[in-house]
Amino acid sequence: MNRLYWSPDREAACFSPTELRTAAHRFREAAYVVKRNVQPSLKETMGVEIGIGLGGSILLSNQTEEEGLEILAQLSCVYPEWLGSRGFTECLGLRFPYVSGAMANGIATVEIVEEMARIGCMGFFGAAGLSLERVEQAIQRLSSLTDKNMPWGSNLIHSPNEPELEEAVCDLYLKYRTRCVSAAAYMKLTPAVVRYAVSGLQVDSDGLIQRQNHLFAKISRPEVARHFMSPAPVSILDHLLRKGQITQTEHRLAQHVPVASSFTVESDSGGHTDNQPLGALFSSIQMLRNEILERYNYQEPIYLGAAGGIGTPQAVASAFALGASYVVTGSINQAAVESGLDASGKKLLAQAGLADVVMAPAADMFELGVEVQVLRRGTMFGTRAKKLYEIYRRYDSLDTISDKDRIQLERDFFRKSLADAWNETASYWAQRDPRELDRAKQDEQHKMALLFRSYLGQSSKWAIAGVSDRKLDYQIWCGPAMGAFNDWAKGSFLEDPSNRSVSQIALNLLEGAAVLNRAQQMRSNGVPLPDNAFVYRPRPIVL
C-alpha cells in the first residue's frame with residue numbers, strides 16, 4: 001500500500017525535546033508529524049518515535065523508511081492574524097482579531113486608539129466620564145483615521161440618571177461618522193443606543209442588509225445579551241421614527257437585524273464586573289447566540305469576543321479555543337506608555353501581583369451597593385471606599401454621624417470639615433444637575449451619598465492626574481490579568497513599564513498565542529512535547 005513519506009532537505013526531523021520546542025515556535029511554517037522506528041526500550045515500548053519535519057518534500061511510495069519518514073499528519077501554518085474570526089476582521093478592516101477596551105475617563109486615550117489602528121487592531125476611546133467637549137475633541141482627531149480606512153471606535157455608556165448626556169454623545173458619534181461604538185453598563189436598551197445601531201441601515205444590490213454602524217455590546221449576563229441579540233423593540237423604533245431620528249427604511253430594516261453585531265463577553269475584569277469565570281460565561285452566551293440565530297435566521301453573523309482576565313498568551317489562546325472571534329484587553333493597557341493614567345499609577349500596576357486586587361463601592365452606583373474591582377497594592381482606596389459605604393448604611397444623615405467617624409472622614413478622606421466638603425459638592429451638582437440638590441434637600445441620606453460619591457469620583461481622577469499627596473487614595477481599576485501579565489513579563493523587555501506600548505503588548509500576546517496554538521496542534525497529533533514548548537517569552541516585534 002502506498003504511503004506518504006517525508007524527506008528532509010536542509011534540516012533533519014526534530015525528535016529531541018529542545019528541537020521540538022524550537023519547532024513549536026516556527027508556527028508560520030507548515031509542519032509534518034512523522035515517525036521513525038527505534039530500538040524498543042523501556043522508554044519507547046512500541047519501538048516508534050514521533051517527531052516533526054519542517055520543510056522538506058513529500059514522497060508517495062510503497063517502500064519502507066528508506067524513502068524517508070512516514071507522515072502521520074500535516075500541520076498547517078498558524079498566523080496570529082487568523083486566530084480569531086476571519087469574518088470579524090474582514091468586516092471591520094482589521095489585520096488582527098485584537099481589541100483594546102474603552103477604559104473610562106480617557107484612560108483609553110486617543111494615542112492608544114491611534115497606535116492600535118496603526119498595527120491593524122481595534123482601539124476604543126474611553127469616553128465615559130468625560131465632558132462632551134473632551135469627547136468631541138477626541139472624536140474630531142480620530143475621524144482622520146476614518147479617511148485613511150483605519151479602524152477605531154469609542155465608548156457609549158448607559159447613563160440612566162443623565163439620558164440627555166447619552167443622547168448628546170450619540171449625536172456626536174453620528175455627526176463624526178464613528179463607525180464602531182462599544183456600549184457598556186446597559187441593563188436594557190435605550191433610544192440612544194438603538195438610534196446609533198440602526199442609523200444608516202440599507203440594502204445592497206444583492207438584497208442583503210448592510211450596516212453603517214457597528215455596535216459592540218459589552219455584556220456579562222445572558223439576559224442583557226438577549227436584548228442586544230434580538231431586533232430592536234418596535235416601540236423604540238416607533239419613538240425614534242416619530243421624532244424624525246431614523247427613516248422609514250431604517251425602521252423597517254431594523255426589525256430584521258440584531259441591535260449589536262459584536263458582543264464582548266466580559267468575565268473577571270477591572271472596574272465594573274460580575275467576577276464570572278470566562279469559560280462558564282462564554283459558553284452560556286455562545287449557546288444563547290446559537291438559539292437567537294436559529295430563531296431569527298439573520299443574514300449576518302453575531303460575533304463573540306472575550307474580555308476579562310486577558311493578560312497572557314495562555315489566556316488569549318484559551319479565549320480563541322472557546323470560540324471567541326476576538327479578544328479584548330483592558331487592565332494591562334492602563335500600564336502602557338500611551339495610557340492616560342499618571343506614571344505613578346502605572347508604576348503601581350507594574351508591581352501588582354495576581355491577588356493584589358479588591359472589590360470596592362462604585363461611585364456611579366454607590367447607593368445600590370454595586371462594586372468595582374480595583375488595585376489594592378500601594379493604595380488604601382479599597383479600604384476607605386468600603387468604610388464610606390459602611391457609614392452610609394449605618395447613619396441616616398451627616399448630622400447623625402458619630403464624632404469618631406466624623407473625625408476620620410474629615411482627617412483621612414476629605415481633609416476639610418464635612419460642611420466645607422458638602423459646599424464643594426453642592427457647587428458641582430448645581431452646575432451638573434440641580435435636580436440632585438433638590439432631592440438632597442428632601443432626603444438627608446441622599447445628601448450623604450452625594451458627598452461620599454464625590455470622594456469616590458475624585459479618587460480615579462487623582463490617579464489620572466498624579467496628585468502626589470493623594471497617592472494613597474488612588475482608585476485604579478484593575479483585574480487579576482494585571483498580575484498575570486507582570487509574571488509573564490518578568491525578566492523580559494516588557495518588565496520595564498517604559499517599554500510597554502500597547503502595540504508591543506498586543507503583538508506579543510498574539511505571537512505567544514500562536515505558539516501555544518501550534519504546540520497544541522503538535523501534542524494533539526501525538527508529538528511528545530516538553531513542557532517548555534508552551535512557554536513564549538516577550539520580545540520586541542516589528543511589523
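The values are calculated or read from the model by the stated rules, or taken from the named source; none is laboratory data. What you see is a predicted model; the values in this text were computed from it and never measured. Neighbour counts run over all protein chains shown; Cβ positions are idealised from the backbone, glycine included.
Once the stretch 297-307 is narrowed to residues that are surrounded by 16 or more Cβ atoms within 10 Å (Cβ to Cβ) and touching a residue at least 60 places away in the same chain (Cβ under 8 Å), the residue that is nearest to the chain's Cα centre (by Cα) is A307. Among the residues making up the stretch 201-222, those that are surrounded by fewer than 18 Cβ atoms within 10 Å (Cβ to Cβ) and out of contact with any helix residue (DSSP H, G or I) (no Cβ under 6 Å at 6 or more places or on another chain) are Q202, V203, D204, S205, D206, G207, L208, Q210, Q212, R221.
Hey, any hits in the stretch 155-165 for a residue that's touching a Cys at 6+ places or on another chain (Cβ under 9 Å) and without any contact (Cβ under 8 Å) to a residue 60 or more places away in the chain?
Within the stretch 155-165, one or more residues are touching a Cys at 6+ places or on another chain (Cβ under 9 Å) and without any contact (Cβ under 8 Å) to a residue 60 or more places away in the chain.
Cβ contacts < 8 Å: first residue surrounded by 24 or more Cβ atoms within 10 Å (Cβ to Cβ), restricted to the stretch 477-490; second residue part of a helix (DSSP H, G or I) and of a type in the set (G, A, S), any location; separation 6+ or different chain. Result? Listed by first residue and then by second, the contacts come to W477/S331; W477/S460; C478/S331; G479/S331; A481/A315; A481/S331; M482/S331; F485/S331.
To keep it simple, each residue is scored yes or no on (1) at pLDDT below 95; (2) surrounded by 16 or more Cβ atoms within 10 Å (Cβ to Cβ); (3) assigned to a loop (DSSP other than H, G, I, E, B); (4) over 17 Å from the mean Cα position of the chain (by Cα).
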position: V78; (1), (2), (3), (4): no, yes, yes, yes
position: C91; (1), (2), (3), (4): no, yes, no, yes
position: E114; (1), (2), (3), (4): no, yes, no, no
position: A117; (1), (2), (3), (4): no, yes, no, no
position: G123; (1), (2), (3), (4): no, yes, no, no
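For the stretch 174-189, the criterion of being touching a Pro at 6+ places or on another chain (Cβ under 8 Å), surrounded by 20 or more Cβ atoms within 10 Å (Cβ to Cβ) and farther than 28 Å from L507 by Cα is met by at least one residue.
Here A315 clears all of (1) at pLDDT 95 or above; (2) of a type outside the set (D, E); (3) touching a Phe, Trp or Tyr at 6+ places or on another chain (Cβ under 7 Å) except the condition numbered (3). A127 passes all but one of (1) of a type in the set (A, V, I, L, M, F, W, C); (2) closer than 25 Å to F96 by Cα; (3) touching an Asp or Glu at 6+ places or on another chain (Cβ under 8 Å); which number fails? For A127, the failing item is (3). Within this structure, A225 passes the test of being small (G, A, S), surrounded by 19 or more Cβ atoms within 10 Å (Cβ to Cβ) and farther than 28 Å from E436 by Cα. Of all residues in the stretch 379-428, those being of a type outside the set (S, T, N, Q), outside any helix (DSSP H, G or I) and crowded, with 18+ Cβ neighbours inside 10 Å number 1. Where helices (runs of 4 or more DSSP H) fall wholly inside the stretch 149-252, the ranges with 3 or more residues that are at pLDDT below 95 and out of contact with any strand residue (DSSP E or B) (no Cβ under 8 Å at 6 or more places or on another chain) are 163-175.
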